[in-house]
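Novice: Could you have a look at this structure, given as structure tokens, before my questions?
The values are calculated or read from the model by the stated rules, or taken from the named source; none is laboratory data. All of these numbers come straight from a predicted model, not from anything done at the bench. Using ideal geometry, Cβ is built from the backbone for each residue, glycine included, and neighbour counts are taken over all protein chains shown. SASA here: full protein model, heavy atoms, side chains in, ligands and nucleic acids out. Shrake-Rupley method; radii C 1.70, N 1.55, O 1.52, S 1.80 Å.
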Amino acid sequence: MGKIRRIGVFTSGGDSPGMNAAIRAVVRTGLHHGLEVMGIMRGYQGMIEDDIIPLPTSAVSNIVQRGGTILKSARSKEFMTAEGRQKAYNNLQKNKIDAVVAIGGDGTFKGALEFTNQYQDIQMIGLPGTIDNDLYGTDFCIGYDTAINTAMEAIDKIRDTAASHDRLFFVEVMGRDAGFIALRSGLGGGAEAVLVPEYETDIDALIAKLDKGKHGKKTSSIVVVAEGDDAGGAFEIAALVKQKLDYYDIKITVLGHVQRGGNPTCMDRVLASRLGAAAVKALLEGQNRVMAGVIHKDVVFTPFEKAVKHHVEMNMDLLNLVDILSHS
């Protein structure tokens, strides 16, 4: 590979708080090393449509604290085709982009892997930007800390109402395939139970626990449900519980996309800044087809193949801790 003079950066998939901090770090680190930096709008779709703009240092002023992404994000079915990737490659060549920083999740890196298999003269490094925190090769993904704090703050507010009315609340959080948001926000919010996709939900055991809590004079109960739980979402599970515990006043709250937005926490801003800077340095050192992450506080690089194929193990000690600490 030749000398890198110009790099591109884009965000893809679901937005996550901290993506702007990552963009800022990529731009300013690139400029620090004498590179030109181009912003690719709307992810792979913008690459296909040549929606590519220069990013001077002024373009990333006053964005470190903002949620969402100034480069926008979009899904791209066209990029899944060889013809679509050819268009994307032609536009990178047209804009004289030698290397790319891809900020996103599992789908983003699968696309990057496919693209670099086809066009080996373009270097690509990924940054883990997903609130689900489900990428192998990093302890934390950009946006996760903000999402769990948003969820926990909502749970705290819901508990005030639950306690005032002796109610049972089912709170559904995001997590179609992974329950990491549910686990940490539920533990931090003092939930009576946390239901996640990784483990089969025992409805009878849940009912027995809630029944015991009621008779133990608990003034409120909160069950946190990941949207992808095998027993269904909050509405389905609440209906099953209501059939057996009809004396409970049951309410349901679905937090939804509120968890994706908002100002990133300090932890997410620092993580995004570290990884953005590390990605640029790694490109200059010749690294390719890897995701930058942080493991045990150190920046590490994991091949795309591992990042997208390996599943992150849920911490069973934390799941058991929810059970222990919620005993009536």
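Novice: If you compute Cα Rg over 2.2 N^0.38 Å for the structure shown, which of (i) 0.95; (ii) 1.10; (iii) 1.02 do you land on?
Specialist: (ii)
Novice: For residue 235, what accessible area in Å² do you get when you roll a 1.4 Å probe over the heavy atoms of the protein chains, rounding to the nearest 10?
Specialist: 130
Novice: Leaving out ligands and nucleic acids, note down the accessible area per residue over the stretch 94-237 with a 1.4 angstrom probe, in whole Å².
Specialist: Accessible area per residue: 37 Å².
Novice: While we're looking at this one, here's another question. Near the amide H of residue 225, under 5 Å away, which other amide H atoms are found, from residues 5 or more places off or on another chain, if H is placed in the peptide plane?
Specialist: Distant-sequence amide H within range of residue 225: 171, 172, 173, 195.
Novice: Taking 25 Å as R0, compute the FRET efficiency from the Cβ-Cβ separation of residue 75 and residue 313 and round it to 0.05.
Specialist: The pair residue 75/residue 313 has a calculated efficiency of 0.35.
Novice: Filter the cross-link list 3/72; 3/309; 72/251; 157/212; 77/251 down to pairs whose alpha-carbon distance in this structure exceeds 27 Å.
Specialist: 3/72; 3/309; 72/251; 77/251
Novice: What aspartates and glutamates does residue 297 reach when the alpha-carbon gap must be under 12 Å and sequence neighbours fewer than 8 apart in one chain are set aside?
Specialist: Qualifying aspartates and glutamates at Cα under 12 Å: 139.
Novice: Per residue, how much accessible area does the stretch 1-41 show when a 1.4 Å probe rolls over the protein heavy atoms, in square angstrom?
Specialist: Value for the stretch 1-41: 33 Å² per residue.
Novice: Please give the length that would be gained between residue 258 and residue 285 if that part of the chain were fully extended, namely 0.36 nm times their separation in residues minus their C-alpha to C-alpha distance (nm, one decimal).
Specialist: Going from the current span to full extension adds 5.8 nm.
Novice: Let me ask you something else. To the nearest 20 debye, what is the magnitude of the charge dipole of the chain about its Cα centre, counting +1 on the Cβ of each Lys and Arg and -1 on the Cβ of each Asp and Glu?
Specialist: 1180
Novice: Counting only protein heavy atoms, what percent of the accessible surface of the stretch 233-290 is carbon or sulfur at a 1.4 Å probe?
Specialist: Exposed carbon and sulfur together represent 56 percent of the surface.
Novice: Separate question: Rounded to the nearest 0.05, what FRET efficiency is calculated for residue 163 and residue 200 with R0 set to 41 Å and r the Cβ-Cβ distance?
Specialist: Efficiency for this residue pair is about 0.85.
Novice: Between residue 121 and residue 96, what length comes free when the chain is fully extended (0.36 nm per residue of separation minus the Cα-Cα distance, one decimal in nm)?
Specialist: Taking 0.36 nm per residue and subtracting the Cα distance, the gain is 7.8 nm.
Novice: To continue, here is another question. Specify the angular offset, from 0 to 90 degrees and rounded to the nearest 10, of the alpha carbon long axis of helix 203-215 from the longest principal axis of the alpha carbons in the chain.
Specialist: That helix lies at roughly 50 degrees to the long axis.
Novice: Scan around residue 294 for amide H atoms under 5 Å from its own, H built in the peptide plane at 1.01 Å from N, and keep only partners 5 or more places away or cross-chain.
Specialist: 139, 140, 300
Novice: Please give the residues of the stretch 160-184, grouped as numeric ranges, whose backbone N is less than 15 Å from a label point set 7 Å along the Cα-to-Cβ vector of residue 321.
Specialist: 180-184, by backbone N distance to the label point.
Novice: What does the charge count near residue 26 come to, summing +1 for each Lys or Arg and -1 for each Asp or Glu among other residues with Cβ under 13 Å from its Cβ?
Specialist: +4
Novice: Within the stretch 93-211, what whole-number % of the accessible surface is contributed by carbon and sulfur, with the 1.4 Å probe and all protein chains included in the calculation?
Specialist: So the carbon and sulfur contribution to the accessible surface is 43 percent.
Novice: Further question: Taking square-rooted eigenvalues a ≥ b ≥ c of the alpha carbon gyration tensor, is the stretch 129-205 rounded, prolate or oblate, where a/c under 1.5 means rounded and, failing that, a/b exceeding b/c means prolate?
Specialist: It is oblate, given that a/c is not under 1.5 and a/b is not larger than b/c.
Novice: Next up: Once you order the gyration tensor axes a ≥ b ≥ c over the Cα atoms, which shape class does the stretch 1-118 get: rounded for a/c under 1.5, otherwise prolate or oblate by comparing a/b with b/c?
Specialist: Because a/c hits 1.5 or more and a/b fails to exceed b/c, the stretch 1-118 counts as oblate.
Novice: Along the stretch 313-323, what does the Karplus equation 6.51 cos²θ - 1.76 cosθ + 1.60 (θ = phi - 60°) give for ³J(HN,Hα), rounded to whole Hz, x for Gly and Pro?
Specialist: Calculated HN-Hα couplings, in order: 7, 7, 6, 5, 4, 5, 5, 5, 5, 4, 5 Hz.
Novice: Going from most exposed to least, what order do 295, 122 have by accessible area with a 1.4 Å probe?
Specialist: 295, 122
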